[in-house]
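In what follows, a single structure is set out as C-alpha cells and then discussed.
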Amino acid sequence: MKKWVKVAALLVVVLALGLAAGCGGNAQKSAEGDTIKVGVNFELSGDVATYGTSCKNGILLAFEEINANGGVLGKKIEPLVQDNKSQNREARNIAERFVSEGVVAVLGPAVSGAVQTEEPVLTAAKIPVLAPAATAPEVTYDEKTKKVKDFIFRVCIIDPDQSQVMANYIYDVLGLKNGAIMVDKNNDYSVGLGETFKEYFTKKGGKIVAEEGFVSTDTAFKPQLTSIYSKKPDFIYVPAYYNQVGLIIKQAREMGIDLPIMGADGWDSPKLVELAGADNLNNCYFTNHYSVEDPSDLIQNFIKAYEKKYNTTPDAFAALGYDTAYLLAKAIEQAGSAEPEKIQQALENIEDFEGVTGKLSYDEKHNPIKEVSIIKLENGKQKLIKKMQPKH
Amino acid sequence: MDNLKKYLSTIIICLVLATFFVAVQWGISSGFISGYWVTNLYLVGINIILAASLNLINGFTGEFSLGHAGFMAVGAYSSAVITANLGLPFPLAVIVGMLAAALTGLLVGLPTLRLRGDYLAIATLGFGEIVRVVLMNIDYVGGASGLMGIPALVNWPIIFFSVVLSLLLIRNFICSSHGRACLSVRENDLAAQMMGVNITYYRVLAFVIGAALAGLAGVLYAHYYTILQPREFSFMLTFDVLVMVMVGGLGSLTGSVVGAVIITIASAFLQAIPELRMVIYAVLLILSAIFRPQGLLGEKEVTLNNLQKLGGVFNGTVGSKQAH
C-alpha cells in the first residue's frame, strides 16, 4: 500500500512537471520562423467566457483569411492563443509571457478590468494592445493624471456614443421632444447611459419629464410605467439588459402604452423577442455596434464565413474581434514593418478603416470615432434604419 | 552539543534562504529571469501566504472556513485606499491592511466560530460573498468597475520577506503552547475543553491570525497588480487556495508551500490549452484525492532532520497525529 501511495504521488508530480516542460517547449519553438507573432489573450473559460470566446473566434477567422490571401508584408500572422480564465491576474501573467515570446501586438482581453491589469506590462515593453470590447473610459485615458495610455487602442465604441447617437436620432429625425428615462439602478452600464442620454438630450433642447429606476431582480414594472405615463412623455428610453427590457415592453403594451421605446446594445439578444412578444416590439429602437441585417458586402461575407466555420451567427463580440484582427493587419501594412512601436504609430494615424462594425478613426484619447447603427424592431425582426456618427 | 546542533540547523536554513534570495535578486536585476517568471514567482509567493494562512485555520485548528477571499479583499482594498486614495506610505498600508483583515476576522469569528463544521463553512462562505457585494456598491473604491491607480510598490525583497515572516509566524505559533491548544481543539474539542482549554478563544485566535495573513496577501496583490475589482475576490479564489492546501496536505505547513507552488505553476502552463485546462486540472485533483487523500505531505513536514534521513521513513514532527 505504501508503495502505491509513493508511486501515485510521484505520478502526480511527474504529470505536472511533464505538462510544464511540454508547454514550455512549445512556446520556445514558436519563437523562430518567418511569421508575425500576435498575442491573443482572452477569457476562454470562467464567468465571461462567452465574450472572450466570441472575440477569439472572430480574430482567428480574420487571421485565417489574411493568411490565405498571402499574409501581411509577405509574412504569415501567427496568433498565440492563451486563456486567462476570466481572471485579471492571469491576464497579466499571459501579457508577461507574450513579452518574453516577442509578440508584435496583443489582442484582448475582452473585459475592461483585465485590459487595465495587463496594461503596465505591455506599456513598459512598448507593445501595442488592441482591446475589442473594453468600454470603460479609463482603459485608454487616465482621468487623474490626464494622460492617454499610448499603447492601448479600443475597437468598440464607448457607451456615451450610443446615448449621444440615440438622443440625436430621437430629436432630429423622429422629432420627439419630451422623454422619460428608466434605468437599472444596480448596473453602472445602465445608469451611465441614462445620465449621458439626459445630458445630450437636454443640451439639444429636449426635456426629460420623468425618470424612474428599478433593480436587476425586479419583475413587475407597472408602478414605474404608470408614473411615467402620467407625465405624458413622447418616448421612453430604457438602456438596460434584454431580460428586464423584455418584461418592461410587454407590461407597457399590456397597459396600453404604445409610445416608442428606445434602448442600447444590451437589447441585442434573440431572447428579447421571446420575452416581449414580436407584436409588442413594434415601434422600438436600439443602438448597436452593427446589424446582421446590414446589406453591405463586407458584413454579409463576414457573416457567411463565420457561420461556415463555427455553425452559429456571429454576435457583436465576434464582429469586434474580426475587426480588431483586420485593424492590426492594416496598421502593420501602413507601418511597413512589424515592429511594435511602428505599429503603435500607424494605429494612431489610422483613418477611415472599413470594418464590419463601422468606419473607424481614432480621437486623441484612443477612442474610436465610429458609426453607430440604429436598429428598429419590426414584428420581432431587427431592421437597420440608419448609421450615425457621434461627435467627439 | 544539542544546542550547537539546534543553532546549526537554523544557520543552515538561513544560509539556504539567503542564497536563494540573493540568487533570485541577481537573476531579476540581470534579466536572467524573464518577466514572465518574475510574475509567476510573485504569484507563488502570494499564494504561499494564502495557503499557509488558510491551513492554519482549516488544517491546524480543524475548522472549515471558506471566507479567505473575503479577508484578502478587505486587506487589499483597505491598503489600496491608504496608498492610492490618501497617498500615505506603503508600510502604513501593510499595517492597516493586516489590521483591517484581522479585525474583520475577529468580528466574523466571534459569532460564527461557535458553529461547527458545515455551519461554519456556510457562514464564512456567506461572509466572503457579502464582502464582494459590499465592495461592488461602494463608489469610493470604484464600485463594480474597480479601484485603479494603485502604485506598484511590490518587489522581490518585499515578497520574499513577507513569505518568510508569515511562515515563521505560523510555525512559531503552532509550536507554542497556544498552537498546541489549537491542535488539541482539532483532535478532540470535548477532551480539550475538559483539560481546561478555552476552545472558542483558540479558534478565534487562529482565525484572526489566518485572516491577518490573508490580508497581507491582499496588500501584496493590490500593490503588484495595481487594480482591484470585486469580481476577482469571488468564491473561486477561496476554492483555488483550498485546493492548494488540500493538494499539499491539510495540517502541513511545508505542504502548503508545495501545494501553492504546484498549483500556481500548473495553472500558468495550462494557459495555452484552454479546452483541456479544466480537465487536466480536475484529473490532477481526482488523482491526488484517490491516491493521496491526505495531500502530498499529509500532516508531515519537510525539515532538515527529515532531509538527513532521506530515503528513510519520515518521523515525528510537529502536528502529526499518533495514529493514522
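The numbers here are math on the coordinates, done by the rules we state, and not lab data. Quick caveat: nothing in here was measured; it's all calculated off a predicted structure. Using ideal geometry, Cβ is built from the backbone for each residue, glycine included, and neighbour counts are taken over all protein chains shown.
Extension gain, B:M278 to B:F90: 0.36 nm times the residue separation minus the Cα-Cα distance gives 64.0 nm.
Calculated on the alpha-carbon coordinates, the convex hull of the protein assembly as shown measures out at 178 cubic angstrom per residue. Model label points for A:E307 and B:L285, set 7 angstrom from Cα along the Cα-to-Cβ axis, are 4.0 nm apart. Once you reduce the stretch A:344-365 and the stretch B:55-74 to the center of their Cα atoms, the two points are 49 Å from each other. Considered as an equivalent ellipsoid built on the Cα gyration tensor, the stretch B:35-234 has semi-axes of 30, 19, 13 Å, the largest given first. Note on the stretch A:159-288: Kirkwood hydrodynamic radius from all Cα pairs is 14.2 Å, rounded to one decimal. In summary, the lysines within cross-link reach of A:K203, defined as a Cα separation below 19 angstrom excluding same-chain residues under 8 places away, comprise A:K177, A:K391. Among B:R132, A:R97, the order by Cβ neighbours within 10 angstrom, fewest to most, reads B:R132, A:R97. Projecting label points 7 angstrom from Cα along Cα→Cβ for B:S177 and A:K203 puts them 7.2 nm apart. Residue order for A:K387, B:K6, fewest other beta carbons within 10 angstrom first, comes to B:K6, A:K387. Between B:Y140 and A:D279, the distance separating the two model label sites (each 7 Å from Cα on the Cα→Cβ line) works out to 5.4 nm. For the stretch A:166-247, the set of trypsin sites (Lys or Arg not before Pro) satisfying both a DSSP loop assignment and a count of at most 16 other C-beta atoms within 10 Å is given as A:K177, A:K185, A:K231. Using the Cβ-Cβ distance between A:A68 and B:T19 with R0 = 51 Å, the FRET efficiency computed as 1/(1 + (r/R0)^6) comes to roughly 0.40. Set the Förster radius R0 to 35 Å, insert the Cβ-Cβ distance between A:V215 and A:D258 as r into 1/(1 + (r/R0)^6), and round the FRET efficiency to 0.05. So, using R0 = 35 Å, E works out to roughly 0.85. Ordered by the count of other Cβ atoms within 10 Å of each Cβ, fewest first, B:M148, B:M72 give B:M148, B:M72. Considering only alpha-carbon pairs that sit under 8 angstrom and 6 or more positions apart, the relative contact order computed for chain A is 16 percent.
Ranking A:S227, A:Q164, A:N288 by how far each Cα lies toward the positive end of the dipole of the stretch A:159-288 (charges on Cβ) leaves A:S227 at the top.
The residues packed around A:T123, meaning those with a beta-carbon under 9 Å from its beta-carbon, carry a net charge of 0 if Lys and Arg are +1 and Asp and Glu are -1.
Based on the Stokes-Einstein relation at 37 °C and a viscosity of 0.692 mPa s, and on the Kirkwood radius from alpha carbon pairs, the stretch B:127-269 is assigned a translational diffusion coefficient of 189 µm²/s. Annotation: peptides B:238-249, A:271-282, ranked by per-residue average of other Cβ atoms within 10 Å with the highest first, follow the order B:238-249, A:271-282. Farthest toward the positive end of the dipole of the protein assembly as shown, out of A:T145, A:L272, B:V141, is the Cα of B:V141, where the dipole comes from beta carbon charges about the Cα centre.
In plain terms, the chain from A:D363 to A:V148 could stretch by 76.3 nm, reckoned as 0.36 nm per residue minus the Cα-Cα distance.
Cα centroid separation, the stretch A:257-311 to the stretch B:27-49: 47 Å.
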